Amino acid sequence: MLSISNLGITFTQYDQGLRRKQLTVITDLDLTIQAGEVVAVMGASGSGKSLLAHALLGILPDNAQLSGTMEFQGEPLTPKRCEALRGKAIALIPQSVGYLDPLMTVGRQVQRVGQLNGLSSGAARTLANRTFARYDLPPTTRQRYPFQLSGGMARRVLVSTAVLTQAQLVIADEPTPGLHPDVVTETLNHLRELAREGRGVMLITHDIEAALQVADRVAVFYAGTTVEIAAAEDFARGNLRHPYTQALWRSLPQNDFVPVPGNQPSPENLPVGCLYRDRCAWVTSECEQARPELRFVRQGWVRCIHAER
Amino acid sequence: MTVTSPISKPMQRFRSNRRQRILWGIAWCALLLVAMILSPWVIGDDGLSPVLVQRNQPPSLVHAFGTDWLGRDMLSRSLHGMSLSLRIGLLAAGISALIGTGLGLAAGTLGGWVDAVVTWIIDVFFSLPHLVLLILIAFAVGGGTTGVIIAVAVTHWTSLARVIRAEVLQVNSSDYVRLSYRFGRSPIWIARHHMVPHVIPQLLVGLILLFPHAILHEAALSFIGIGLSPHIPAIGIILAESMRHLSTGYWWLGVMPGLLLLLSVKAFDWLGENVRSLLDPKTSQG
Amino acid sequence: MDMQLRSVFTFVARKLLRLGLLLLAVAIFTFVLLSLSPIDPVQAYIGADMMQISSEQRQLIAERWGLDQPMIIRFWDWLGQLVQGNWGTSMVFNQPVSEVIASRFWVSLPMLAIAWLLSGILGLGLGILSGALAGSWIDRVVRLYAYTLASSPTFWVALLLLIVFSVALRVTPICCAAPPGILAADVTLWQHLHHLLLPAIALSIIGIANIALHTRQKLIDVLHSDYILFARAQGESLWGVVRHHGFRNLILPALTLQFASLSELFGGSVLVEQVFAYPGLGAATVQAALRSDVPLLVGIVFFSALFVYTGNTLADLTYPIVDPRIRLGGWQT
């Protein structure tokens, strides 16, 4: 349904008010999502996860240029098509209640989503009420303002905004941080449900556990590039291909609990060759030559020349 | 995760020589203002004497601002008046800046009841319409030129005092100042060595931005007749006089001197804005 | 409900207390200022009746008023008179000060109200237009207009309007609040409007700049917020965003600013009424100062403080009405 290959995002910036500067934040990013599946997009902050979501919705700032291809349902996603699709075929579940208008009741905001999808205001209200009922939100919720919602209610309201649409692709941007574990599970189940309805779900997160709990496949981003796309079960099975994914897996408390040493390179000075080489235990002189291509290894995609070891 | 949205759009096309442009802006504004202040001595008093054969002439090449009902050259009169208003404005704004700095520093460093009293005075000043306050003070001190200078001087320091007080409080809570206190430095010592360097840029910008207000208020007071006597034609008085001749269609008597006043106020605004960009590029809009 | 009533009561009590303290402060300030000034205090207290008393009587009054007393005692006496509503008699109008202020304010009020509404609506509109289209030529024109107006002398703008509309185009009257020679009772509503239109426009033009520039900045801030990003992601257009989210979020600061602008509005009315010879409170202020009518001037100073304070209090009141976070603050689950 969604297929992204070699996506690049470059920003034009003004340095100290003097020089024009190109800042490439995403390079060679690849990802596919099928209808009915949950794909987790995982990576540290600054790895380009949210930017990908904004690119799909066509809401990047004006100074961003895109390269590569994004296809949605077989047709390229041009800025014009993004504009037509956003909120209708592609919906976003934002990360926090801060993405709701603080001065509008949540009922009206959810109803507005229905209206933007072409419903009359009455029909949109009925649909909003039904959706709230579906998520066990009491009828009084409609009259509440975002600041009056508890963490769990807020999540359900945010999910409602996407459920209300006919969107085939739902992007959930960091839906879990700072939530009570029960609410996390509940939220992830909601996402699973959306997939069961036949929608494609993209779960953006930096929480491996949350990702593995719900995702069919996991795409790991590093410094604006896809380093690995693995099935969720590959993690527990020890079938991981990229050293970064393996290091992330080992950093979990229930595993070795060893943090990944070093830092992600900043977009301002990306190294030549493999982006991960300065933190990699497998590094060889070959890694400095060129960026590795994305390859198909053991039923998964990986961007590492040593992935066969 | 939030998107680190990169610095938005290019703001201006010619940013590379921005500093140079700012310096030119400062130079031109300063030159214009100095020229306006000194103009009476350059052009002399010739234009001020009545030439009855040239009464009520609209603006022309000979008389750019036209002539009045006595045949006096309006350009000369306007420049004389503007120069006078500028000088009064500068004097009053200068005094105001001194008061503002003194009280702002005192309130910020000494704190306690000094701060309370200064804040209270500022509150009282802000609770009255500025013009009413000006009229009251100018009236109470007996009117005239002194009245205007005092009224403008004692009512324009409040915003500057607030800014300086806030700046001082901010510096005061910084680590190096706390350290100085621990070393037993007196508040006066700290004020001199730590506050003043921080406060000076604020003061400079505040002072320049005070001028246009001071000049406008001087003009307003003169216009309503509480300020200078009619024999000393400041710009406000020239405009007030023009009121009597408007219905006869001599529009230039009111329009041209007003344009000159607008130009000088604008020149101060530009000057202030440019100086601000130079001293503190982050807060400027350029 | 009981809780709400109580909070309203404490709000009102607090506001009244603050007002009392403020008026006391203004009283102290005015008293000290006038005591130190070269103006004759007896005349200041008695006002118009001054003409009717001899120098012996004057001496007597000075003693009775305790002018030989120390300043602090004189202040309390004077304050007592003010509190009892004895504000003295206006010399210029030969009427009690309170009556002069009341009748003059009624003349000014329609002009102030129209100017206030016009500047608010136009300023808001221009600010939204320029903020939504930030960087476009429309934005540039609006900003140039606002910045130029912000540094234009109020009375000169009024003068220009007078020259253009009253002298050159002859569509508006050149002075006053009513046609000359007509009894106040015979003036029609249309004549009233006709006479106060230009002063009101002159007064509003100055207020527009401030509100437009603030609204523009606020809208730009709002448009960069997360909830607008989400609204865009839901398929909302630029104008949809402005209509459904922008307006809602910028109206509060705009209202606050607009109420706070009552201070400048009052000051502006002094100048505008002078230009249009409009017989309102502003013109009375000028006459009081020019003709040394101390009781009237003091009365107007107090009244203007009250006027400004009302504006600020209304601004405070708009917060709970417009912002649910304050209105419903305590009601959390």
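Brief remarks on what is shown
- Sequence ranges A:278-289, A:50-61, ranked by mean other-Cβ count within 10 angstrom, highest first: A:50-61, A:278-289
- Per-peptide average of other Cβ atoms within 10 Å, ordering B:230-239, B:245-254 highest first: B:230-239, B:245-254
- Given +1 at the Cβ of Lys and Arg, -1 at the Cβ of Asp and Glu and no other charges, the dipole of the stretch C:104-290 around its Cα centre is 220 debye to the nearest 20.
- With Cα atoms defining each centre, the stretch A:175-208 and the stretch C:112-128 are spaced 48 Å apart in the structure.
- Put simply, when A:157-170, C:247-260 are sorted by average Cβ atoms within 10 angstrom per residue, most first, you get A:157-170, C:247-260.
- Cut-off 11 Å between beta-carbons: net charge of the residues surrounding A:Pro102, Lys and Arg +1, Asp and Glu -1: -1
- Take every Cα pair under 8 Å whose residues are at least 6 apart in sequence, average their separation, divide by the length of chain C, and the relative contact order is 24 percent.
- Taking the Cα centre of chain A as reference, the dipole from Cβ charges on Lys and Arg (+1) and Asp and Glu (-1) amounts to some 820 debye.
- Per residue of B:251-262, other chain Cβ atoms within 10 Å of the residue Cβ number 4 on average.
- Shielding of peptide A:38-45 by partners, expressed as the average count of other chain Cβ atoms within 10 Å per residue Cβ, is 1.
- Across the stretch C:104-290, the mean sequence separation of Cα contacts (distance under 8 Å, 6 or more residues apart), normalised by length, yields a relative contact order of 36 percent.
- Chain A: relative contact order as a whole-number percent, Cα under 8 Å and 6+ apart: 21
- Taking the centroid of alpha carbons for each part, the stretch B:106-154 and the stretch A:127-173 are 55 Å apart.
- Cβ neighbours within 10 Å from other chains - mean over C:162-171: 3
Each reported figure results from applying straightforward, stated rules to the coordinates on display, with no laboratory input. Nothing here was measured: the structure is a model prediction, and the numbers come from that model. Here Cβ is always computed from backbone atoms with ideal geometry, including for glycine, and neighbour counts include all displayed protein chains.
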